[in-house]
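The values are calculated or read from the model by the stated rules, or taken from the named source; none is laboratory data. Here the structure is a predicted model, which means the values were calculated and not measured. Ideal geometry is used to build each Cβ from the backbone, glycine not excepted, and the neighbour counts take in all protein chains shown.
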Amino acid sequence: MNKPLSVAASLLTAAYAVFSTGCASSSCCDAPGHDHKSHAVAPGQVVKQLVAVVQPTAGNKCAGVVRFTEVDGIVYIYGEISGLTPNQQHAMHIHEFGDATSTDGTKAGGHYNPGEQPHGLPGVETRHAGDLGNIQADAEGKTVYRGEFKNISMLGPKNPIIGRGLVIHAKPDDGGQPVGNAGPRIGFGTIGVANPKQ
């Protein structure tokens, strides 16, 4: 799991990204011509991509890297993950908090659901903002995931995901209420700003 210091740094970066651009107020977000895609973390630095480094929770082997890129209101997700149960689906969700200080991932809180919607799988219009569906492991317990989502954004104003937690679960998400019966959390990563030079 990430060290608490790295989590704190990630959250401070996220807060600075929002407040340094003046988007703490709703009036800013409604201003004509306001461009959320050009938000800067520091002067001159534009956020082009977010990244979550997934690390295993206690007793598990789930690990990988998941990247988020936003173009014209669509967040594209690409991930490579290993340490999964061979030939099985695993639920993947964005959770409320990017807090990696627990060994079981529970300090990430519940599903990210700012709109207070019922749980659902991708393709269902009314669902949690953090409901990303399932990833499919191959015979070696690895997967490559690609997804496109219109109900979230990297930095806002629509359900911003920066600083939140990415959780991989032991079981598939069956779409049931309240959270898809996905079982324990086997992998966790904090969604932070990716280094644009990498």
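Answer with yes or no whether Phe68 is in contact (Cβ under 8 Å) with a residue 40 or more places away in the chain, within 19 Å of Leu132 (Cβ to Cβ), assigned to a loop (DSSP other than H, G, I, E, B) and hydrophobic (A, V, I, L, M, F, W, C). Considered against the rule, which asks whether it is in contact (Cβ under 8 Å) with a residue 40 or more places away in the chain, within 19 Å of Leu132 (Cβ to Cβ), assigned to a loop (DSSP other than H, G, I, E, B) and hydrophobic (A, V, I, L, M, F, W, C), Phe68 comes out as no.
Look at the stretch 98-112: where a residue is without any contact (Cβ under 8 Å) to a residue 12 or more places away in the chain and a partner is part of a loop (DSSP other than H, G, I, E, B) and charged (D, E, K, R), sitting 6+ places away or on another chain with Cβ atoms under 7 Å, you get Lys107/Asp99. Only residues in the stretch 173-184 that are under 15 Å from Leu132 (Cα atoms) count as the first member; pair them with residues that are in a loop (DSSP other than H, G, I, E, B) and of a type in the set (S, T, N, Q), Cβ under 7 angstrom, at least 6 apart or cross-chain, and list the lot. Once the first residue is under 15 Å from Leu132 (Cα atoms) and sits in the stretch 173-184, its partners that are in a loop (DSSP other than H, G, I, E, B) and of a type in the set (S, T, N, Q) give Asp174/Asn181. With respect to being surrounded by 17 or more Cβ atoms within 10 Å (Cβ to Cβ) and at pLDDT 95 or above, Asn60 fits the description. Just one of the listed residues (Ala100, Ala129) is over 26 Å from Gly176 (Cα atoms) and assigned to a loop (DSSP other than H, G, I, E, B), namely Ala100. Note on the stretch 80-96: among residues that are within 16 Å of Val65 (Cα to Cα) and in contact with an Asp or Glu (Cβ under 7 Å, 6 or more places away or on another chain), the one that is surrounded by the most Cβ atoms within 10 Å (Cβ to Cβ) is His93. Do we have any residue at all in the stretch 133-141 that's part of a strand (DSSP E or B), closer than 26 Å to Val47 by Cα and modelled with pLDDT under 95? Yes, the stretch 133-141 has at least one match.
Return the total of residues in the stretch 107-162 being among the polar types (S, T, N, Q) and either in contact with a strand residue (DSSP E or B) (Cβ under 7 Å, 6 or more places away or on another chain) or under 13 Å from Ile77 (Cβ atoms) (or both). Of the residues in the stretch 107-162, 6 are among the polar types (S, T, N, Q) and either in contact with a strand residue (DSSP E or B) (Cβ under 7 Å, 6 or more places away or on another chain) or under 13 Å from Ile77 (Cβ atoms) (or both).
Among the residues of the stretch 136-154, those identified as more than 9 Å from Pro86 (Cβ to Cβ) and free of Cβ contacts under 8 Å to residues at least 60 places away in the same chain are Gln136, Asn151.
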